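Colleague: The following block contains the structure, expressed as structure tokens.
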Amino acid sequence: MALASYYISWRYLFSINWDYWPISLALLAAETYSFTSVWLFGFMLWRLKVRRSPPPSMPGAAVDVFITRYNEPVELVRETIRAAVAIRYPHNTYVLDDGNSRELEEAALAEGARYIVRSADWAGHERHAKAGNVNSALFQTQGEFILILDADQLPAPEILDETLGYFADPK
């Protein structure tokens, strides 16, 4: 950074070619922008905040993991189901299917997840895409906490262990 500071100072004080000032000043502006960007980037990273380890998870909290699906390939969703079922904290995994696919239902059950399609109560109403799918499932499950995954997201096995503790604080 010291060398860069020396260089940019030299550019301002001694190297501007006033015979071709438009090009010289444009280049100086670009170098100044780059210099400033590097300094700001370094400033942002200089003091990385050391975070405390997450609070311990809440034992006994009822957790449901929702995997939302709309026309994604079954094999893609199967990988997400496997990753969701492998989450270490005790939970129930549900596949929320907007398409009522028999093949996906079989895959979900084979991998240890439950399968939910929208109930008949939604007939004749706006579907509201993923939000409608989640709202329908909320009426059919009892989890106190919900983790919602897209069909192509692979959660880490410790995700609930590292996040549920934050909800224990009443503030």
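Colleague: Answer yes or no as to whether Leu40 is over 14 Å from Leu149 (Cα atoms) and at pLDDT below 95.
Modeller: When the stated conditions are applied, Leu40 passes them.
Colleague: Residue check, Thr32 against (1) surrounded by fewer than 13 Cβ atoms within 10 Å (Cβ to Cβ); (2) more than 30 Å from Val134 (Cβ to Cβ); (3) within 39 Å of the chain's Cα centre (by Cα), all met but one. Which one?
Modeller: Status for Thr32: all satisfied but (1).
Colleague: Another question, if that's okay. Give me the pairs: first residue in segment 1-24 and part of a helix (DSSP H, G or I), second residue loosely packed, with under 11 Cβ neighbours inside 10 Å and small (Gly, Ala, Ser), beta-carbon distance under 7 Å, and six or more apart or on different chains, which are they?
Modeller: Correct list of pairs: empty, since none qualify.
Colleague: Moving on to the next point. For segment 76-91, does any single residue satisfy the condition of being among the hydroxyl-bearing types (Ser, Thr, Tyr), in a strand (DSSP E or B), at pLDDT 95 or above and touching a strand residue (DSSP E or B) at 6+ places or on another chain (Cβ under 9 Å)? Break it down into steps so the answer makes sense when it comes.
Modeller: In the first step, residues of segment 76-91 are kept if they are among the hydroxyl-bearing types (Ser, Thr, Tyr); the result is 80, 89.
With in a strand (DSSP E or B) added as a condition, the list becomes none.
No - not one qualifying residue is present in segment 76-91.
The values are calculated or read from the model by the stated rules, or taken from the named source; none is laboratory data. Quick caveat, the model's predicted, so the values are computed rather than measured. Here the Cβ is made from the backbone with ideal geometry for all residues, glycine too, and neighbour counts use every protein chain on show.
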